[in-house]
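Below you'll find the structure, written out as structure tokens, and then a few comments.
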Amino acid sequence: MVSRVIPVDDFDLVIFGGTGDLARRKILPGLFRRFCSGQMPKDARIIGAARSDMDDAGFRQMVRDAIAEFGGKNATECDELDAFLAALHYVTIDARGEGGWSELAGKMRSGVVRAFYFSVGPGLFGDLAQRLKTHNLADDDSRIVVEKPFGRDLASAKALNKDLATYFDESQIYRIDHYLGKETVQNLMAVRFGNVLFEPLWNSQYVDHIQITVAETVGVGGRGGYYDKSGAMRDMVQNHLMQLLCLIAMEPPSKFDPDAVRDEKLKVIRALDPVDSHHIVRGQYAADGDKNSYRDDVENPKSFVESFIAMKVHLSNWRWAGTPFYLRTGKCMKARSSEITVVFKDAPHSIFGADEGRHRNVLSIQLQPNEGMTLDVTIKEPGPGGMRLVDVPLDMTFADALGPEAEDVPDAYERLIMDVIRGNQTLFMRGDEVEAAWAWTDPLIEGWQARNDVPKPYEQGSNGPEDALMLMHRDGRRWREIKG
Ligand code: BG6
């Protein structure tokens, strides 16, 4: 199976924060891979812009090192590195002042797509947007790309949206949630809306419950300062898990078009019920031998911020009334595994007798590390000895089904940046979606802050706190095992 690479239009991409961590780890190596694949036009320009004093040669060296470190296998096998580096330029810029802006203008071409990636803290979004306009760098067709965190509550997200809207139309603003760029996340839509098999059963009549797990093995690492002001709720649930929930729960859009899809996602967020405090479990990883605890990592011995959260949520709409969604995410867990599991209800009547126990169809969609799907179906256990039933998985691991091409899918950032150049906003969050997500999140956070809720300690390398297991056991259900 050969994947089709369709080159995008010629472009100039300016990366503000071009020397930062995200640029070095993801954006620049990702662009290099798109260059090697033939998707990025050879004449396209990438202009790094940051405060550091650097020239084009220094920037190219930095990118060469970043590609060696973070580019992955495809990058080391590609012999077009020098050609790619020649497309790179650098400008020292002052986001809050006037220095560097005319030099940037001098490096940009007319007649090509102009995109500006704000890989900087949200505090600079407004300043950058304003200067792009006052220096005539952006026109009505230019695009800006903004990174999370998009605000830390509803009020700050509204203020950011307002700032950006002063200078740019919503159709020019690309709010990144890199989970939407993951291959299997898009596959969720293909599976749901490209097959007749699932959709008739995709509702509270047939679905017992849905689980969404995003487990990580890493701790907060060197990001303690940021993380301790966010916690798992703001860092993961308000954005990534919320997006997964939307794609699983939304109604079929009338077409695969940015606003049709985003309208349906917005309806899901607005249908979310407030969550009862008994249905939220927060945790913090404890010290383990010579491994730091969460509080050590964030250097805040009194921190009440969660590195783990599990919750049961409900949607008030016709499709999902009565079907719980269990969400959990955490750092320092047993394995790196992101999985969505749809557990169907029991057959209405068992003709095989009560002894055969409970057999259920379970559709499990693995997002990472190994992308694929399994569907557990009940069959007869082979051999003599009567009618005994057994559940076996129909395994649809994409790499097996689609061959090596399936293992060679672009990283989320690569795909999303190409979508920016193509002008396709389907996989980006609209301003009203982000605000609706914060409107649901804020009262939950305010609730546990008002209660002085203390997160439960959990062992590193575990499934999270015991109470998270109880959250499901109380309902006669259990979490899927976290397997890497
Ligand atoms: C980021 C969070 O948005 O997503 C990180 O800020 C988290 O804390 C990361 O580790 C997880 O992304 P992925 O793609 O590794 O699952």
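The values are calculated or read from the model by the stated rules, or taken from the named source; none is laboratory data. All of these numbers come straight from a predicted model, not from anything done at the bench. Cβ sites come from the backbone with ideal geometry, for glycine too, and all protein chains shown count toward neighbours. Remember, those area values only see protein heavy atoms, side chains included, never the ligands or the DNA or RNA. Shrake-Rupley method; radii C 1.70, N 1.55, O 1.52, S 1.80 Å.
Along the principal axes of its C-alpha atoms, what lengths does the stretch 284-384 span, in descending order and rounded to whole Å?
Here the spans come out as 59, 41, 28 Å, largest first.
Using the Karplus curve 6.51 cos²θ - 1.76 cosθ + 1.60 with θ = phi - 60°, work out ³J(HN,Hα) for each residue of the stretch 454-466 in order, rounded to whole Hz, and write x for Gly and Pro.
9, x, 7, x, 9, 5, 5, x, 10, 8, x, x, 3
Under 20 Å from the Cα of residue 380, which lysines turn up, not counting those fewer than eight places away in the same chain?
List returned: 345.
Quick one: ranking 388, 4 by accessible area, 1.4 Å probe, largest first, what do you get? Could the numbers behind the result be given before it?
Numbers: 388 95, 4 215 Å².
Ranking 388, 4 by accessible area, largest first, yields 4, 388.
Give me the dipole magnitude in Debye, nearest 20, for the chain about the Cα centre, with unit charges on the beta carbon: positive for Lys and Arg, negative for Asp and Glu.
About 660 debye.
Taking only protein heavy atoms and a 1.4 Å probe, what accessible area per residue, in Å², does the chain have with all protein chains in place?
Value returned for the chain: 44 Å² of accessible area per residue.
Please name whichever of 284, 231, 347 sits farthest to the positive end of the charge dipole of the stretch 225-349, dipole taken about the Cα centre and charges placed at Cβ: Lys and Arg +1, Asp and Glu -1.
347
If you average the C-alpha positions of the stretch 313-376 and of the stretch 439-484 separately, how far apart do those two centres end up, in angstrom?
Measuring centre to centre over Cα atoms gives 18 Å.
For residue 255, tell me the accessible area in Å² from a 1.4 Å probe, rounded to the nearest 10.
Here the accessible area works out near 120 Å².
Pull up all non-local amide H partners of residue 462: gap of 5 or more, or a different chain, and H-to-H distance under 5 Å with H placed in the peptide plane.
334
How do 102, 171, 337 stack up against each other in accessible area, from largest to smallest, with a 1.4 angstrom probe?
Working: 102 95, 171 65, 337 10 Å².
Putting 102, 171, 337 in descending order of accessible area: 102, 171, 337.
Angle between the Cα long axis of helix 154-167 and the longest principal axis of the chain, 0 to 90 degrees, nearest 10?
The helix 154-167 is inclined about 40 degrees to the chain.
Counting only DSSP beta bridges with both residues in the chain, tell me the antiparallel percent, nearest 5. Walk me through the numbers on the way to the answer.
Details: 41 of 74 bridges.
The antiparallel fraction comes to roughly 55 percent.
Roughly how big is the stretch 162-213's charge dipole about its Cα centre, with Cβ charges of +1 (Lys, Arg) and -1 (Asp, Glu), in debye to the nearest 20?
Values: 4 positive and 7 negative charges, 14 e Å.
Charge dipole, the stretch 162-213, about its Cα centre: 60 debye, nearest 20.
Rounding to the nearest 10 and keeping the result within 0 to 90°, find how far the Cα-based axis of helix 56-70 lies from the longest principal axis of the chain.
That works out to roughly 20 degrees.
In the chain, what cysteines have no partner Cβ closer than 4.7 Å?
246, 332
First compute the accessible area of the stretch 214-282 with a 1.4 Å probe, then give the percent of it belonging to carbon and sulfur atoms. Please report the intermediate quantities before stating the final value.
Working: 1330 of 2570 Å².
So the carbon and sulfur contribution to the accessible surface is 52 percent.
Tilt of helix 183-194 relative to the longest C-alpha principal axis of the chain, in degrees (0 to 90, nearest 10)?
60 degrees
Whole-Hz ³J(HN,Hα) for each residue in the stretch 409-415, computed from phi via Karplus 6.51 cos²θ - 1.76 cosθ + 1.60 with θ = phi - 60°, x for glycine and proline: what do you get?
7, x, 5, 3, 5, 4, 5
Could you give the radius of gyration (one decimal) and Dmax (whole number) of the Cα atoms in the stretch 344-484, in Å?
Every Cα atom of the stretch 344-484 included, Rg and Dmax give 21.9, 62 Å.
Give the lysines whose C-alpha is closer than 27 Å to that of residue 42, dropping any in the same chain fewer than 8 places away, or say none.
Counting by Cα, and skipping residues close in sequence, residue 42 has these lysines nearby: 26, 73, 107, 182.
Taking H placed 1.01 Å from N in the peptide plane, check which residues at least 5 places from residue 209 or on another chain put their amide H under 5 Å from its amide H.
Under 5 Å from the amide H of residue 209 lie the amide H atoms of 343, each far enough along the sequence or on another chain.
Computed over the Cα atoms, what is the radius of gyration of the stretch 131-257 divided by 2.2 N^0.38 Å, N being its residue count?
Details: Rg = 18.4 Å, N = 127, 2.2 N^0.38 = 13.9 Å.
Dividing the Cα radius of gyration by 2.2 N^0.38 Å gives 1.33.
In the stretch 8-23, which residues have a backbone nitrogen under 17 Å from the label point lying 7 Å from residue 42's Cα in the Cα-to-Cβ direction?
Answer for this model: 8-11.
For the chain, what does -39500 (n - 2.57) per DSSP helix run (n ≥ 4), summed and divided by total residues, give at 222 nm, in deg cm²/dmol to the nearest 500?
Values: 16 runs with 154 residues, N = 484.
Result for the chain: -9000 deg cm²/dmol, rounded to the nearest 500.
Could you list which residues have their amide H under 5 Å from that of residue 389, counting only those 5 or more apart in sequence or on another chain, with H placed in the peptide plane?
381
Binning at 20 Å from 0, report for the chain what percent of all alpha-carbon pair distances ends up in each bin.
22, 54, 22, 2, 0
Show me, for the stretch 129-142, the HN-Hα J-couplings you get by feeding each phi into the Karplus relation (A = 6.51, B = -1.76, C = 1.60, θ = phi - 60°), rounded to Hz, glycine and proline as x.
4, 4, 5, 4, 6, 5, 8, 6, 8, 10, 10, 5, 9, 6
Percent of accessible area on the stretch 305-415 owned by carbon and sulfur, 1.4 Å probe?
The nonpolar share, carbon plus sulfur, comes to 57 percent.
For a quick check of understanding: with a 1.4 angstrom probe and all protein chains in place, what accessible area in square angstrom does residue 216 have, to the nearest ten?
Roughly 40 Å² of residue 216 is accessible to a 1.4 Å probe.
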